[in-house]
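The values are calculated or read from the model by the stated rules, or taken from the named source; none is laboratory data. Predicted model, so just to flag it, every value in this text is computed and none were measured. Methodologically, a virtual Cβ is constructed for each residue, glycine included, from the backbone with ideal geometry; neighbour enumeration extends over all protein chains shown. Heavy atoms of the whole protein, side chains included, go into the accessibility calculation; ligands, DNA and RNA do not. Shrake-Rupley method; radii C 1.70, N 1.55, O 1.52, S 1.80 Å.
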Amino acid sequence: MFRIPCPYCGPRDATEFRHQGESRNRPDPRTVTRGQWRAYLYEKDNVAGWTRENWYHGVGCRRFISVERNTVTNETRPAAAAAGAVDPVLPGAEAGAPDADSTRR
Amino acid sequence: MTARVRAARSSRRPAETPFRLPPQPGEVIDRSRLVPFDWDGRRYVGFAGDTITSALAAAGVRTFSRSFKYSRPRGILTASALDPGCTVQVGDEPNVRASARRLAAGMSVVPQNVWPTLRYDLRSVNKVVAPFLTAGFYYKTFMSPRPLWPAYERVLSRFASGGWTSPDAIPSYYDQRFTHPDVLVAGGGPAGMAAAVEAARAGARVLLVEEEHELGGSLRWGGAQELEALGRLRADVAQAGIEVLVDSVVAGRYDDNWISIAQRGLPDVTERLIKARAGILVVAPGLIERPYVFAGNDLPGVMLSTAVRRLIDLYAVAPGSRAVVLSANAEGDAAAADLDRVGVEVVRVLDARRGEDVRRALGRGTLSAVEVADGSRIDCDLLVTATGWTAPTSLLNMAGNQPVWDPLAARFRPGEGLPDTVLATGGIVGDGSVDELVAHGTATGALAAARAGFGSAAVVAPLSPHPHPALFRATTHGFVDFPEDVSSKDVMAAAAEGYDSSELVKRYTTATMGPTQGKLETVNTVAVLAEATGRSIEELGTTVWRPPYAPISLGALAGRVSPPARYSPMQPWHETHSAVPLVAGEWIRPDSYGDPAAEVRAVRSAVGIIDVTPLGKLALHGPDVPNLLAAAYVNKWAKLDVGSVRYGVMCAEDGVILDDGVTGRLGAARYLMSTTSSGAATVWQHLESLLQTEHPDWRVHITPMTTAYASINIAGPRSRELLTRLTDVDLSADAFPYMRVRTGRIADVADCVLWRIGFTGELSYEIHVPASYGLHVWEALLERGRDLGVRPFGVEAQRILRLEKGHLIVAQDTDGLTKAYDAGLGDLVKLDKDDFVGKPELLWQHEDGAQQSLVGLVPVDPSIVPAEGCQIVDGATGILGRITSSRRSPTLDRSICLAYVLKQYAEPDTVVTVRLPDGRRIPATVTPPTHFDPEGARLRG
């Protein structure tokens, strides 16, 4: 069981969190096509390596946070540290979301 | 053998112990404490500190089990926890490792995997059929024909090694513990003890875990110098304030040094699973002596040099009377010296370093002679081998490290690349004198402490393995895996059949897959494979070691069972009024009070009350609540007046129904949302997700109120009459119409919320009262409504009532694929809203049309209640739908259902076929979902 660096609570066991999937931006529902929407819902990048994902600290501060995790080694680090994101707390922030380009269109 | 026969034999005089030696300097037995026990129906006496096998070896017992496939007699090989032939049954406990389990007075030990007895084993017939039990025999013999598998299974289970558990066994107590040491040292030999001491001296909290019963490792069976070092290290450990666990094993290392430890030997606890989050893990398991492969290498009487030294030096037991020793190293020489010292005749020492070798061990049942490579034959009852070492790299492997083959030392050792949080010391790293091992341990301990934040970093001088001859197999074939009965011939056969990688050979032959999980077997298996394929051991590599390192009981993994349970404040009343409990997630609530049908009739004819405290309740505050509601629900919320409630459905982004419930507006910016009982946590998280991630600008605060309120639904034609007696709120139809919310006093309790809604289809009020007054209000309702015929009802009655009314239950009448239009909730979906969760999918479902519809269904034969989940079928194979809810309706006096059917079958009066679980097919008629009072006159009255 790996640990996740919670910006509010510090490093905590992953079992305190719920995985919310890869950080990605919700397409505009007014213009989205079926293909784009379903890619947003179901097509994960599933990178073997560093990926940015969202977690919900349900057994702690109950905040949604973004974390970078190496899916091969389960190393984790705060999302902001690596990505230079403005706010480590808000997932879907433009910078650092690995799939931002594919879903923004 | 029957228990009675065993008992009769037990009463006889205990067996003599002719192999017990005079006191030895390092012995761990307490000769002043005799421990009587039974073995296979006979009485024996050992000393406190003896293991089961050491006490029996003292009495001359040599055979402890029969092997798994060929039923060959097996005895002591390692005299340690790894002893492959010494797994026994102790009382009700199966699979006890007899060479590691200490004696306890009155223990009843019997051999397992012998049928019918240890001495006369019917399965020895397998020796005759051995040619058919070759590599991959499972796959070849038992694969086909498939219909025979049940018969094969019965035969195989008879052969499977393992003991038994009695259904009458007294349940054992298991426990769990969590701990957070700065430094965790796995292995209490010289290097491990030194590392622990140094880390503790630097100020780290240290946990030292040793698999055996006492600290010391190989020092325990050394000479005077080793015993003196042992005493010094033990004293240091005791003074350093280290927590020491013995008879405990580090079973696994997971991400971020999450470490599992199986601890035994606690009073009143069979086994305890410790979950440790360690800052730094120091791996110091030492080395495991490797068996040698030659014909007869499994005969009782063939032993490793470490087994000999353990028996003599720890337990003062002579392992035999006439010994031949095959030695390739100093430890083998020391074993020969030990034997000589205690008076065992050492007939010959074969020096493997000079090319001397054994060819085969001979004997019927036990060893009687050895045939040497030069052709000579020596009578003996003990053959000792010291042909090399295996580094147990499991824990390092689990930390991502790949062991590398060191051809000079003829063993695997840790490779490059360990996480910073994992260190290794001692024999697993390299060889050295006691002082060198202690120095390496000390430096490693200092480094561990420094990395954990204590003291300054230390330099660890390298420790290298000493050269050792590469010895795996003599010129004959023998066993590479004892518990699995896999021989070197099997490995070669597997290679010839094309299974030519370590991992393939492992799975095909099952070599290394037995209880010792390759600790004795892997290197020999790979070496024989290398020989067979003409490749090197480096090239083939070892198999991957996975947790657990040592066996853990299932009881320890399950731990102490203490699931959280939630009860409403009315639980004391339920308990004293014969409520039948229903486990609903974490909640325990009344399913009924004994007669659900009567409860239904009471609600339809008079009034009933149900405890609905588990309903999820969220207080929403803030000016942007309407925005949140509009985003979360599929329907509209902008025009909800103060004092109104509205039913809403939430879908996920894939359009699938997530939850439903009503939300009421209590004040300008005050709302109370209710969710399903099981959906409370999910909905809360869902709303927080919207607020935190999509709309951080919205000003809404969510407060969970589920357990702050006790909730009661008062339902039935006389519910208004009952509640009027208890509240100051005007309940008249004009003042408080359907789908309205009011606040006020109930039974003198202030700050209650009342909403007029109706899941049951009757005139009803759902009241939420401060939780501490829940029981008071509940009792007041029953007391004041006695003359009205008030009756409590449970979840079962409520399910019948709502089914009569055709109200769906999310997750009962919907599943992970049900979108809003499937469930007949399309009218609620407001596609003209700008956006809401799931809108794109619902828009497309609306455009395409739903494929299925939720309908009512009544079997033509009203007495048949089809089980929930029954398929609606067409001909032999076509599936047209399924039943999601079914009950007998006391009101309509017939069976009623809710079901999904394909759209073209959804018209009322369509007759469809339902397939029952017993295969019968019955006709049923499609109806609207509402079976009772479709106009809703009762509800709105």
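Only one of (1) more than 10 Å from every other protein chain (Cβ to nearest Cβ); (2) in a strand (DSSP E or B) fails for A:PRO11. Which number is that?
All conditions are met except number (1).
Quick check on this structure: which one of A:PHE2, A:PHE17 is among the aromatic types (Phe, Trp, Tyr), away from every other protein chain (no Cβ under 11 Å) and touching a strand residue (DSSP E or B) at 6+ places or on another chain (Cβ under 7 Å)?
Values: A:PHE2 fails: away from every other protein chain (no Cβ under 11 Å).
Exactly one residue qualifies, and that residue is A:PHE17.
Looking at segment A:51-63 only, could you name the residues that are part of a loop (DSSP other than H, G, I, E, B) and either within 10 Å of another protein chain (Cβ to nearest Cβ) or among the basic types (Lys, Arg) (or both)? Lay out the reasoning, then the answer.
Taking segment A:51-63 and keeping what is part of a loop (DSSP other than H, G, I, E, B), we get A:57-63.
A:GLY58, A:ARG62, A:ARG63, listed by residue number.
Mind listing whichever residues of segment B:326-343 are more than 15 Å from B:ARG290 (Cα to Cα), touching a helix residue (DSSP H, G or I) at 6+ places or on another chain (Cβ under 7 Å) and not in a helix (DSSP H, G or I)?
B:VAL342
If you go through segment B:516-559 one residue at a time, how many are assigned to a helix (DSSP H, G or I) and either hydroxyl-bearing (Ser, Thr, Tyr) or in contact (Cβ under 8 Å) with a residue 12 or more places away in the chain (or both)? If you could, list the steps in order and put the result at the bottom.
So the first thing to find is which residues in segment B:516-559 are assigned to a helix (DSSP H, G or I), and the list is B:522-533, B:537-540, B:554-558.
When the remaining residues are screened for being either hydroxyl-bearing (Ser, Thr, Tyr) or in contact (Cβ under 8 Å) with a residue 12 or more places away in the chain (or both), the result is B:522-529, B:531-533, B:537-538, B:540, B:555-558.
Selection size over segment B:516-559: 18.
Can you tell me which of (1) more than 36 Å from the chain's Cα centre (by Cα); (2) in contact (Cβ under 8 Å) with a residue 24 or more places away in the chain; (3) more than 30 Å from B:VAL486 (Cβ to Cβ) is the one B:ASP268 doesn't meet?
Single failed check for B:ASP268: (1).
What residue, of B:ALA797, B:ALA811, is open to solvent by 30 Å² or more (accessible area, probe 1.4 Å), over 25 Å from B:PRO923 (Cα atoms), within 38 Å of the chain's Cα centre (by Cα) and away from chain A (no Cβ under 14 Å)? Write out each step before concluding.
Values: B:ALA797 fails: open to solvent by 30 Å² or more (accessible area, probe 1.4 Å).
Criteria check complete, one pass: B:ALA811.
Can you name every residue in segment B:814-831 that is open to solvent by 20 Å² or more (accessible area, probe 1.4 Å), outside any loop (DSSP other than H, G, I, E, B) and under 22 Å from B:GLU935 (Cα atoms)?
Those that are open to solvent by 20 Å² or more (accessible area, probe 1.4 Å), outside any loop (DSSP other than H, G, I, E, B) and under 22 Å from B:GLU935 (Cα atoms): B:ASP827, B:LEU828.
Just checking, how many residues over segment B:500-515 are open to solvent by 10 Å² or more (accessible area, probe 1.4 Å), touching a residue at least 40 places away in the same chain (Cβ under 8 Å) and not in a helix (DSSP H, G or I)?
The number of residues fulfilling the criteria is 2.
Give the residues of segment A:1-49 that are among the aromatic types (Phe, Trp, Tyr) and either at pLDDT 95 or above or within 30 Å of B:PHE836 (Cβ to Cβ) (or both), sorted by residue number.
Here is the first cut: in segment A:1-49, the ones among the aromatic types (Phe, Trp, Tyr) are A:2, A:8, A:17, A:37, A:40, A:42.
Matches in segment A:1-49: A:TYR8, A:PHE17, A:TRP37, A:TYR40, A:TYR42.
Report, by residue number, each residue of segment B:463-476 that is part of a loop (DSSP other than H, G, I, E, B) and touching a residue at least 60 places away in the same chain (Cβ under 8 Å). First the steps, then the outcome.
Let us first name the residues in segment B:463-476 that are part of a loop (DSSP other than H, G, I, E, B), namely B:463-472, B:474-476.
Once the filter is applied, which keeps residues that are part of a loop (DSSP other than H, G, I, E, B) and touching a residue at least 60 places away in the same chain (Cβ under 8 Å), segment B:463-476 yields B:HIS468, B:PRO469, B:ALA470, B:LEU471, B:PHE472, B:ALA474, B:THR475, B:THR476.
Go through B:PHE482, B:PHE472 for me and flag whichever is farther than 20 Å from B:ASP357 by Cβ and surrounded by 20 or more Cβ atoms within 10 Å (Cβ to Cβ).
Numbers: B:PHE472 fails: farther than 20 Å from B:ASP357 by Cβ.
Within the list B:PHE482, B:PHE472, the selection yields B:PHE482.
Enumerate the pairs (first residue in segment B:209-223 and touching a residue at least 12 places away in the same chain (Cβ under 8 Å) and aliphatic (A, V, I, L, M); second residue anywhere and assigned to a loop (DSSP other than H, G, I, E, B) and surrounded by fewer than 24 Cβ atoms within 10 Å (Cβ to Cβ)) with beta-carbon separation below 9 Å, excluding pairs fewer than 6 apart on the same chain, so at least 6 apart or on different chains.
The qualifying pairs are B:VAL209/B:VAL246; B:LEU215/B:VAL246; B:LEU219/B:GLY26.
For segment B:477-499, which positions are outside any loop (DSSP other than H, G, I, E, B) and of a type outside the set (Ser, Thr, Tyr)? Spell out how you get there, then give the answer.
Filtering segment B:477-499 for residues outside any loop (DSSP other than H, G, I, E, B) gives B:479-481, B:486-496.
Answer for segment B:477-499, where residues must be outside any loop (DSSP other than H, G, I, E, B) and of a type outside the set (Ser, Thr, Tyr): B:PHE479, B:VAL480, B:ASP481, B:VAL486, B:LYS489, B:ASP490, B:VAL491, B:MET492, B:ALA493, B:ALA494, B:ALA495, B:ALA496.
Without any contact (Cβ under 8 Å) to a residue 60 or more places away in the chain and more than 29 Å from B:ASP431 (Cβ to Cβ) - does that describe any residue in segment B:355-364?
First, pick out the residues of segment B:355-364 that are without any contact (Cβ under 8 Å) to a residue 60 or more places away in the chain: B:355-356, B:364.
Of the ones still in play, those that are also more than 29 Å from B:ASP431 (Cβ to Cβ) are B:364.
The answer is yes; a qualifying residue exists.
Evaluate the following for B:GLU198: is it surrounded by 17 or more Cβ atoms within 10 Å (Cβ to Cβ), in a loop (DSSP other than H, G, I, E, B) and of a type outside the set (Lys, Arg)?
Spelling it out, it is not the case that B:GLU198 is surrounded by 17 or more Cβ atoms within 10 Å (Cβ to Cβ), in a loop (DSSP other than H, G, I, E, B) and of a type outside the set (Lys, Arg).
Restricting to segment A:23-50, and then to whatever is open to solvent by 30 Å² or more (accessible area, probe 1.4 Å) and touching a strand residue (DSSP E or B) at 6+ places or on another chain (Cβ under 7 Å), can you tell me which residue is farthest from the other protein chains (Cβ to nearest Cβ)?
Taking the candidates together, the pick is A:ASP45.
Can you pull out every residue in segment A:15-64 that is in contact (Cβ under 8 Å) with a residue 40 or more places away in the chain and of a type in the set (Gly, Ala, Ser)?
Pass one, segment A:15-64, residues in contact (Cβ under 8 Å) with a residue 40 or more places away in the chain: A:15-18, A:20, A:22-27, A:36, A:39-40, A:45, A:47, A:51-52, A:55, A:57-61, A:63-64.
Matches in segment A:15-64: A:SER23, A:ALA39, A:GLY58, A:GLY60.
Considering segment B:361-390 alone, what residues qualify as being closer than 16 Å to B:LEU77 by Cα and of a type in the set (D, E, K, R)?
B:ASP381
Can you pull out the residues in segment B:28-76 that are within 19 Å of B:HIS213 (Cα to Cα), part of a loop (DSSP other than H, G, I, E, B) and in contact with a helix residue (DSSP H, G or I) (Cβ under 6 Å, 6 or more places away or on another chain)?
B:VAL28, B:ILE76
Tell me which residues, restricted to segment B:688-724, are within 14 Å of another protein chain (Cβ to nearest Cβ), open to solvent by less than 20 Å² (accessible area, probe 1.4 Å) and within 27 Å of B:THR743 (Cα to Cα).
B:ILE702
For segment B:575-622, give me each residue that is free of Cβ contacts under 8 Å to residues at least 60 places away in the same chain and on the phi < 0 side of the Ramachandran plot.
Going through segment B:575-622, the residues free of Cβ contacts under 8 Å to residues at least 60 places away in the same chain turn out to be B:575-576, B:578, B:581, B:583, B:586, B:588, B:594-595.
Of everything in segment B:575-622, those that are free of Cβ contacts under 8 Å to residues at least 60 places away in the same chain and on the phi < 0 side of the Ramachandran plot turn out to be B:GLU575, B:THR576, B:PRO581, B:VAL583, B:GLU586, B:ILE588, B:ASP595.
B:ASP256 - would you say it is outside any loop (DSSP other than H, G, I, E, B), within 14 Å of chain A (Cβ to nearest Cβ) and of a type outside the set (Phe, Trp, Tyr)?
Values: outside any loop (DSSP other than H, G, I, E, B): yes; within 14 Å of chain A (Cβ to nearest Cβ): yes; of a type outside the set (Phe, Trp, Tyr): yes.
Against the criterion (outside any loop (DSSP other than H, G, I, E, B), within 14 Å of chain A (Cβ to nearest Cβ) and of a type outside the set (Phe, Trp, Tyr)), B:ASP256 qualifies.
Taking the condition in contact with a strand residue (DSSP E or B) (Cβ under 7 Å, 6 or more places away or on another chain), open to solvent by 10 Å² or more (accessible area, probe 1.4 Å), modelled with pLDDT of 95 or more and within 27 Å of B:ALA606 (Cβ to Cβ), does B:VAL777 pass?
Values: in contact with a strand residue (DSSP E or B) (Cβ under 7 Å, 6 or more places away or on another chain): yes; open to solvent by 10 Å² or more (accessible area, probe 1.4 Å): no; modelled with pLDDT of 95 or more: yes; within 27 Å of B:ALA606 (Cβ to Cβ): yes.
So B:VAL777 fails the test.
Find the residue count for segment A:29-58, including only residues that are out of contact with any Ser or Thr (no Cβ under 8 Å at 6 or more places or on another chain), charged (D, E, K, R) and closer than 22 Å to B:THR693 by Cα.
Summing the residues that are out of contact with any Ser or Thr (no Cβ under 8 Å at 6 or more places or on another chain), charged (D, E, K, R) and closer than 22 Å to B:THR693 by Cα in segment A:29-58 gives 4.
Looking at segment B:632-657, which of its residues are within 14 Å of chain A (Cβ to nearest Cβ) and open to solvent by 10 Å² or more (accessible area, probe 1.4 Å)? Outline the logic, then answer.
Of all residues in segment B:632-657, those within 14 Å of chain A (Cβ to nearest Cβ) come to B:634, B:651-656.
If the condition is that a residue be within 14 Å of chain A (Cβ to nearest Cβ) and open to solvent by 10 Å² or more (accessible area, probe 1.4 Å), then B:ALA652, B:GLU653, B:ASP654, B:VAL656 are the ones that fit.
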